[in-house]
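What follows is a short report on a single structure.
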Amino acid sequence: MDNVIVKMDIRGFLRFPEQAIKAMKLDKMAKQGTAANGKTVEIGPYADIEVDPVGKRFSITPTKEAKTTSFRFIVGVNSTKSKFLYVKGALNAIGSKIITGAYTLEKEGNRYIFTAKGESKKKGPWQLIACRNSIANKTMLSIDTRGTIIFNRHTRDAVNTQVNKTMIAEYDRAKKVFKLTFSKDKGFINVRTIASHANASFMGTFSSHGIALPKQSFRTECKVEGKTISFSVASLIAEQKAAEKGSKK
């Protein structure tokens, strides 16, 4: 039987017991690394999470390598052999609440599919969603549907937004690349720093360059050099143009 049984807790974590870990080969996908204190730690594996709001379901595809959209399996504490995966965002995306208890993940190809209680008989296309939390020490940022630019904690710390509280945005239209320069007080855009990330309003910047806000959160890896961050919006613009072209047919 390829299906696996997991449990949902009140926080929105799915717990994968040892039997599920072996069935999904999560133990073979994990890597060994060294922590700052010199101890050997387990790194990964990761997961692609796709949602189907029409069918009230989401899928989990385990991966060995981290991507810009990846979710991370978390190792249990106190020597437990379980792994945990945070799926509250996926539940929100399919319009479902957290309901604790046991669930069966049905295997279809490489996907393990979670279907919410009170499932729909209809099924829609899979849509990949991105994890907003930091993974694999990557410098990442995202821009949400309201035009807020969100810097993950690695990006936040790399430019030290706690001190460099303002930024200037420049845009290379030919390359479709933004360059953000941070400073203590010389920028035109204020940056807010909190425990988990930093953010700023980017709606006016997008508008001034004729770029529409994303229909769903746009997440991408960014390059940090000193107090400068650069990132490409080429894929976002291409996606928007394709959607516009499709709507005219």
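The values are calculated or read from the model by the stated rules, or taken from the named source; none is laboratory data. Please read all numbers here as calculations on a predicted model, not as lab measurements. Virtual Cβ from ideal backbone geometry, glycine too; neighbours counted across all protein chains shown. The protein model used for the area step is the full one, side chains on, heavy atoms only, and it has no ligands, DNA or RNA in it. Shrake-Rupley method; radii C 1.70, N 1.55, O 1.52, S 1.80 Å.
A compact table of results
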| read-out | value |
| --- | --- |
| Strands (runs of 3 or more DSSP E) enclosed by the stretch 205-249 - at least 2 residues per element that are open to solvent by less than 40 Å² (accessible area, probe 1.4 Å), in contact (Cβ under 8 Å) with a residue 12 or more places away in the chain and touching a strand residue (DSSP E or B) at 6+ places or on another chain (Cβ under 6 Å) | 218-221, 228-232 |
| Residue, nearest to M140 (Cα to Cα), within the stretch 200-247, restricted to residues that are among the polar types (S, T, N, Q) and under 16 Å from the mean Cα position of the chain (by Cα) | T220 |
| Selection count where residues are open to solvent by less than 40 Å² (accessible area, probe 1.4 Å) and not polar (S, T, N, Q), scope the stretch 179-204 | 9 |
| Search result, residues across the stretch 20-54 that are open to solvent by less than 10 Å² (accessible area, probe 1.4 Å), under 21 Å from D2 (Cα atoms) and of a type in the set (G, A, S) | A20, A47 |
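Residue-wise test of (1) within 21 Å of R219 (Cβ to Cβ); (2) among the hydroxyl-bearing types (S, T, Y).
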site: R72; (1), (2): yes, no
site: T100; (1), (2): no, yes
site: F114; (1), (2): no, no
site: K123; (1), (2): no, no
